[in-house]
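The values are calculated or read from the model by the stated rules, or taken from the named source; none is laboratory data. The shown structure was predicted, so the numbers you read here are calculated from the model rather than taken from an experiment. We place every Cβ from the backbone using ideal geometry, glycine too, and count neighbours over all the protein chains shown.
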Amino acid sequence: MHKYLVVGTGGVGGTLAAYLACAGYSVDCIARGAHLDAIRSRGLSLRSDRVGNHTVKVEAFTAEEYNRKADVILVCVKGYSLDSVADVIARAAKPETLVIPILNVYGTGPRIARLVPSATVLDGLIYVASYVSAHGEITQKGGIMKMIFGARPEQGVAVERMQSVSDELSAAGIPNEVSADINRDTFIKWAYISATNCAGLYHNVTMGGLQFPGEAQEMFRALSCEAQAVGEALGIEFGMRLDDYNVEVARSINPESTASTQEDVAAGRQSEIQGMLFDMVDLGRKVGVPTPTYDVAAERFANLKKKEKQ
């Protein structure tokens, strides 16, 4: 049985930690502030449409104080926080530890590997609708949940090592698969979440506005097509139309839900606008692919980018 460390106990990390702990696996969590205090004092609560309501006891720490070792490290922070958790990943990783980042931005695995060269850093993603609903409490909406992870071809990580983690995730009720092409799979997730966030933010609509024909869905489809062109220029073979795929995924989400970047911007919090929007524009320019719809969004939110960099 593996020892798990969840770095970032927000919506995604908190959901995974709760599932694992409910199944009896040893789980440590990295959190901060009042959320950390609540987990320490009352436990981690999960309110799930999928598995019901549970409160589990997990050991929670700040990144700075954590000094244990883990067999599997699930990195579930926002993209802009990666630099701040590099030290705790380095301290917690053993030679045989697998680090699995579960973020929305493409290229996260190589980025963490550059920050923590001593660790074996895979790539990963998850489809799930969950959020911090109160200090120490995670709410998971709907039935959608699937985690995908894997090694990049050049890493040479034995499939058996990853499959042993996959088996434990399955036993904990977390649907998952070890990817045969993690570059493709992580790009597909990025293309989906990028188009969702940009179209939702630009038109100020909930997910329902992207699920059916209209101006917002038209932009959602155009962004998806541009992202696919960027991916194809990188050599990724999708074997499908991303705009159709993304609309189908969007239709599986609660129509009243709102994209995370849109929520963060509305609340005045730091957002992932750089990774969701400007990184795609920059990558398009790098590979010589026009991204006119992304450019329109980038012009609208240029001041937001400047504000968040200050």
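At a glance:
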read-out	value
Filter result for Ser26 (hydroxyl-bearing (Ser, Thr, Tyr) and touching a residue at least 60 places away in the same chain (Cβ under 8 Å))	no
Residue list for the range 226-242, filter: in contact (Cβ under 8 Å) with a residue 40 or more places away in the chain and crowded, with 17+ Cβ neighbours inside 10 Å	Glu226, Ala227, Val230, Gly231, Ile236, Leu242
Candidates Ala92, Ala129, Ala134, filtered to the one that is touching a Lys or Arg at 6+ places or on another chain (Cβ under 7 Å), hydrophobic (A, V, I, L, M, F, W, C) and modelled with pLDDT of 95 or more	Ala92
Among the residues listed as Gly52, Gly24, Gly11, the single one being in contact with a strand residue (DSSP E or B) (Cβ under 9 Å, 6 or more places away or on another chain), surrounded by fewer than 18 Cβ atoms within 10 Å (Cβ to Cβ) and over 20 Å from Thr97 (Cβ atoms)	Gly52
Segments classed as helices (runs of 4 or more DSSP H), wholly inside the range 220-310, with at least 1 members that are among the β-branched types (Val, Ile, Thr) and not assigned by TED's automatic domain parsing to the domain that holds Gly143	242-250, 260-267, 279-287, 292-300
Conditions (1) under 28 Å from Tyr131 (Cβ atoms); (2) in contact with an Asp or Glu (Cβ under 8 Å, 6 or more places away or on another chain); (3) at pLDDT 95 or above; number of the one not met by Leu242	(2)
Residue list for the range 41-94, restricted to those being touching a residue at least 40 places away in the same chain (Cβ under 8 Å), acidic (Asp, Glu) and part of a loop (DSSP other than H, G, I, E, B)	Asp49
Tabulated pairs, the range 197-223, first farther than 19 Å from Tyr245 by Cβ, second outside any helix (DSSP H, G or I) and of a type in the set (Val, Ile, Thr), C-beta under 7 angstrom, 6+ apart or interchain	Thr206/Thr258
Search result, residues across the range 150-206 that are within 17 Å of the chain's Cα centre (by Cα), hydroxyl-bearing (Ser, Thr, Tyr) and either surrounded by fewer than 19 Cβ atoms within 10 Å (Cβ to Cβ) or assigned to a helix (DSSP H, G or I) (or both)	Thr186, Tyr192, Ser194, Thr196
Residues that are among the β-branched types (Val, Ile, Thr) and surrounded by 15 or more Cβ atoms within 10 Å (Cβ to Cβ), drawn from the range 255-295	Thr258, Thr261, Val265, Ile273, Val281, Val289, Thr291, Thr293
Matching option when the condition is within 21 Å of Leu103 (Cα to Cα) and not β-branched (Val, Ile, Thr), among Glu177, Glu237, Glu215	Glu177
Enumeration of residues in the range 296-310 that are closer than 23 Å to Ile236 by Cβ and surrounded by fewer than 20 Cβ atoms within 10 Å (Cβ to Cβ)	Ala298
